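Read the structure below first, then the notes.
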Amino acid sequence: MTIRICLAGATGWAGSALSRAIAKSEGLTLVSAVSRTHAGHVLGDVLGEPLLKCPIYATAREALSHQTDVFFEFTKPDVAKSNVLAALQQGARVVIGTSGLTDADYSEIASVAEQRQLGVLAVGNFALTVVLLQKFSEIAARYIPQWEIIDYASDSKVDAPSGTARELAYRLSAIRPSELTVPLEQTQGVVETRGARLTGSQVHSIRLPGYTISAEIIFGMPDQKLTIRHDSGTSAQPYVDGALLAIRKVNTFVGLRRGLDTVLDL
Ligand SMILES: NC(=O)c1ccc[n+]([C@@H]2O[C@H](COP(=O)([O-])OP(=O)(O)OC[C@H]3O[C@@H](n4cnc5c(N)ncnc54)[C@H](OP(=O)(O)O)[C@@H]3O)[C@@H](O)[C@H]2O)c1
């Protein structure tokens, strides 16, 4: 059966790459798209892809007037939660690619998903190397009690920390909080330089021209340390395959899952 998709953010950097990939994927079809700038146009005309015949709307609510199996959120953090809740109210399953949602936002989304008996798959980073970074970090955290996360992105990224860093910290919190030899409140000097405490991890966000997206986690023990790092380039290609997989898998469970590995057999 063909999966009918509404893609919010279909004209963006990540969303346009995903739209083109959906156009060429068997069993997937875009029925509507969201972008304020291009509302009223046909997506294929905007992206130069004649296979994409769906209309573009300015809001998710309007776009969801089309029968939708999966709503894909790829816009900005300020509208993401309300888009997701609107999609669940319409009976659509949801994949969240947008970063910047908080753990409190996710709790609210999780309870609506449970109420509606629908699946929501939130993936801070769809790239396979990030999925592996998360998995390897979870293993390391079982043996090494101290770590810190460094999140690198370009100067134009509006949210901090990144979805990748948030998701990593959230997942490690299920194992244990990272220990601090000197508690933050006993830090002498400027405590902010120690980063933010996020679900049990110290997180440092760097926003500078020259970076795209990188995530690094350093585990430290006396006289030894382990660094696990992911870097992505400037194309959106690393995210496309994971996003397509998420669309195909989100109907296999009910409630909220965070991370692509939750639907993979790793
Ligand atoms: N999970 C992952 O692996 C992954 C990978 C890449 C990016 N991301 C995240 O995905 C999000 C999008 O990234 P991007 O680089 O593609 O951004 P982008 O190039 O700025 O694209 C944003 C898209 O969302 C639309 N949009 C923005 N605000 C909107 C609003 N208020 N109402 C309706 N549409 C709106 C934009 O169209 P208009 O401006 O015309 O409305 C555009 O189509 C970010 O949060 C980014 O961090 C996640």
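Report yes if E138 is within 30 Å of P183 (Cβ to Cβ), in contact with a helix residue (DSSP H, G or I) (Cβ under 8 Å, 6 or more places away or on another chain) and acidic (D, E), otherwise no.
Against the criterion (within 30 Å of P183 (Cβ to Cβ), in contact with a helix residue (DSSP H, G or I) (Cβ under 8 Å, 6 or more places away or on another chain) and acidic (D, E)), E138 qualifies.
If the requirement is being in contact (Cβ under 8 Å) with a residue 24 or more places away in the chain and surrounded by 18 or more Cβ atoms within 10 Å (Cβ to Cβ), which of these qualifies: A141, A110?
Just one listed residue meets the conditions, A141.
Among the residues of the range 243-257, is there at least one that is farther than 20 Å from A14 by Cα, buried (at least 18 other Cβ atoms within 10 Å of the Cβ) and outside the structural domain of R142 (by TED's automatic domain parsing)?
Yes, the range 243-257 has at least one match.
Looking for whichever is in contact (Cβ under 8 Å) with a residue 40 or more places away in the chain and either over 23 Å from D78 (Cα atoms) or touching a helix residue (DSSP H, G or I) at 6+ places or on another chain (Cβ under 8 Å) (or both) here; the options are I150, I206. Which one fits?
I150
Residues are listed down the side, and each one gets a yes or a no for (1) within 8 Å of the ligand (Cβ to nearest atom); (2) surrounded by 24 or more Cβ atoms within 10 Å (Cβ to Cβ); (3) under 13 Å from L7 (Cβ atoms); (4) not assigned by TED's automatic domain parsing to the domain that holds S16:
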residue: S35; (1), (2), (3), (4): yes, no, yes, no
residue: V46; (1), (2), (3), (4): no, no, yes, no
residue: K53; (1), (2), (3), (4): no, no, no, no
residue: A63; (1), (2), (3), (4): no, yes, yes, no
residue: F74; (1), (2), (3), (4): yes, yes, yes, no
residue: D78; (1), (2), (3), (4): yes, no, no, no
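For V191, only one of the following conditions fails: (1) in contact with a strand residue (DSSP E or B) (Cβ under 9 Å, 6 or more places away or on another chain); (2) more than 13 Å from the ligand (Cβ to nearest atom). What is its number?
(1)
Condition first: in a strand (DSSP E or B) and of a type in the set (S, T, N, Q). Can you find one or more residues in the range 155-164 that meet it?
No - not one qualifying residue is present in the range 155-164.
Which of the residues that make up the range 95-107 are within 13 Å of the ligand (Cβ to nearest atom) and either buried (at least 24 other Cβ atoms within 10 Å of the Cβ) or more than 15 Å from the chain's Cα centre (by Cα) (or both)?
Within the range 95-107, V95, I96, G97, T98, S99 meet the criteria.
Only residues that are away from the ligand (no atom under 12 Å from the Cβ), touching a residue at least 40 places away in the same chain (Cβ under 8 Å) and of a type in the set (A, V, I, L, M, F, W, C): list them for the range 9-33, please.
Within the range 9-33, A21, I22, L28 meet the criteria.
The values are calculated or read from the model by the stated rules, or taken from the named source; none is laboratory data. Predicted model, so just to flag it, every value in this text is computed and none were measured. Cβ atoms come from the backbone with ideal geometry, glycine included; neighbour counts cover every protein chain shown.
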